[in-house]
1. Report yes if residue 104 is more than 15 Å from the chain's Cα centre (by Cα), among the acidic types (Asp, Glu), farther than 19 Å from residue 49 by Cβ and crowded, with 16+ Cβ neighbours inside 10 Å, otherwise no.
2. Here are some conditions: (1) touching a His at 6+ places or on another chain (Cβ under 9 Å); (2) more than 19 Å from residue 36 (Cα to Cα); (3) not in a strand (DSSP E or B). Residue 129 meets all but one. Which one does it not meet?
3. Pull up the range 133-180, narrow it to residues that are outside any loop (DSSP other than H, G, I, E, B) and hydroxyl-bearing (Ser, Thr, Tyr), then point me to the one that is farthest from the chain's Cα centre (by Cα).
4. Would you call residue 155 of a type in the set (Gly, Ala, Ser) and out of contact with any strand residue (DSSP E or B) (no Cβ under 7 Å at 6 or more places or on another chain)?
5. Kindly indicate whether any position in the range 105-119 is assigned to a strand (DSSP E or B) and closer than 25 Å to residue 95 by Cβ.
6. Restricting attention to the range 50-64, report how many residues are out of contact with any Leu (no Cβ under 8 Å at 6 or more places or on another chain), hydrophobic (A, V, I, L, M, F, W, C) and farther than 16 Å from residue 82 by Cα.
7. Could you please give the count of residues in the range 94-104 that are acidic (Asp, Glu) and either assigned to a loop (DSSP other than H, G, I, E, B) or more than 12 Å from residue 43 (Cα to Cα) (or both)?
8. How many of the residues in the range 70-89 are surrounded by fewer than 22 Cβ atoms within 10 Å (Cβ to Cβ) and either within 20 Å of residue 151 (Cβ to Cβ) or aliphatic (A, V, I, L, M) (or both)?
Amino acid sequence: MPLHSYEPRQGHRLPHDPFNAIVGPRPIGWISSISSSGVLNLAPYSFFNAFNYVPPIVGFASVGRKDSLNNIEATGEFVWNLASESLAEAMNQSCAAVGPEVNEFELAGLATEPSHLVRPPRVQASLVTMECRCTQIVQLQTAQGTQVPTWLVLGEVVKVHIDEQLLQDGIYQTAAGKPLLRGGGPGDYFTISEAGKFVMRRPT
């Protein structure tokens, strides 16, 4: 079988870096935060996932020092908002490269909903939101120990809000939420459907 092999430090020799496409599609970390002076921020991160069950911990990586990172360093809090297919355009608007004084909720035409346990608000139209308190911020480094300008932000989920239409007999229906997933191309996104689901139990 012919293989295209490369060492990332020497370049991939392709029209577009395949790394993000191979590790994907990835859930969107649509993160709301608030600055120490009270300015709201909302931004999507394609390097996002869950990392622990008990307590539940989620995390996202800020490639470069972004407003979300600065806000969470200052306040210790953030909210994850589910970016559903119906919110794709608003999510995309919220990733515009604007200054820290800009409120992306207003920029994207989104209403806010107060959180219960943290200061940053939730996206009112989001079907699922998670209020989080920061547990760690880790600057990433190479295998040689050289720091890179990317920070992993981890947070404990302290409150979860789920639209009850996504619960069937008490079971959360992932496909019903129509989560946006990030692909690897310059603008590739995916969604999932019930037709694509299959069930496989762990061996006992």
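Read-outs throughout are calculated quantities, based only on the coordinates presented, and are distinct from any laboratory measurement. Worth saying up front: this structure is predicted, and the values here are computed from it rather than measured. A quick note on method: Cβ atoms are made from the backbone with ideal geometry, for glycine too, and the neighbour counts reach across all protein chains shown.
1. Values: more than 15 Å from the chain's Cα centre (by Cα): yes; among the acidic types (Asp, Glu): yes; farther than 19 Å from residue 49 by Cβ: yes; crowded, with 16+ Cβ neighbours inside 10 Å: yes.
When the stated conditions are applied, residue 104 passes them.
2. (3) is the only condition that residue 129 fails.
3. Residues of the range 133-180 that are outside any loop (DSSP other than H, G, I, E, B), as a first pass: 133-141, 147-162, 164-168, 171-172, 175-177, 179.
Right, trim to hydroxyl-bearing (Ser, Thr, Tyr) and you get 135, 150, 172.
Working: 135: 16, 150: 15, 172: 19 Å.
That would be 172.
4. Values: of a type in the set (Gly, Ala, Ser): yes; out of contact with any strand residue (DSSP E or B) (no Cβ under 7 Å at 6 or more places or on another chain): no.
Against the criterion (of a type in the set (Gly, Ala, Ser) and out of contact with any strand residue (DSSP E or B) (no Cβ under 7 Å at 6 or more places or on another chain)), residue 155 does not qualify.
5. Just the residues of the range 105-119 that are assigned to a strand (DSSP E or B), to begin with: 112-113.
Checking which are closer than 25 Å to residue 95 by Cβ leaves us with 112-113.
Yes, there is a match, as at least one residue in the range 105-119 is assigned to a strand (DSSP E or B) and closer than 25 Å to residue 95 by Cβ.
6. First, the residues of the range 50-64 that are out of contact with any Leu (no Cβ under 8 Å at 6 or more places or on another chain): 50, 52-56, 63-64.
Add one more test, that the residue is hydrophobic (A, V, I, L, M, F, W, C), and what stays is 50, 54, 63.
Imposing the further condition that a residue be farther than 16 Å from residue 82 by Cα reduces the set to 54, 63.
Within the range 50-64, residues that are out of contact with any Leu (no Cβ under 8 Å at 6 or more places or on another chain), hydrophobic (A, V, I, L, M, F, W, C) and farther than 16 Å from residue 82 by Cα number 2.
7. Restricting attention to the range 94-104, the residues satisfying the condition of being acidic (Asp, Glu) are 101, 104.
Keeping just the survivors that are either assigned to a loop (DSSP other than H, G, I, E, B) or more than 12 Å from residue 43 (Cα to Cα) (or both) gives 101.
Count: 1.
8. Total meeting the criteria: 7.
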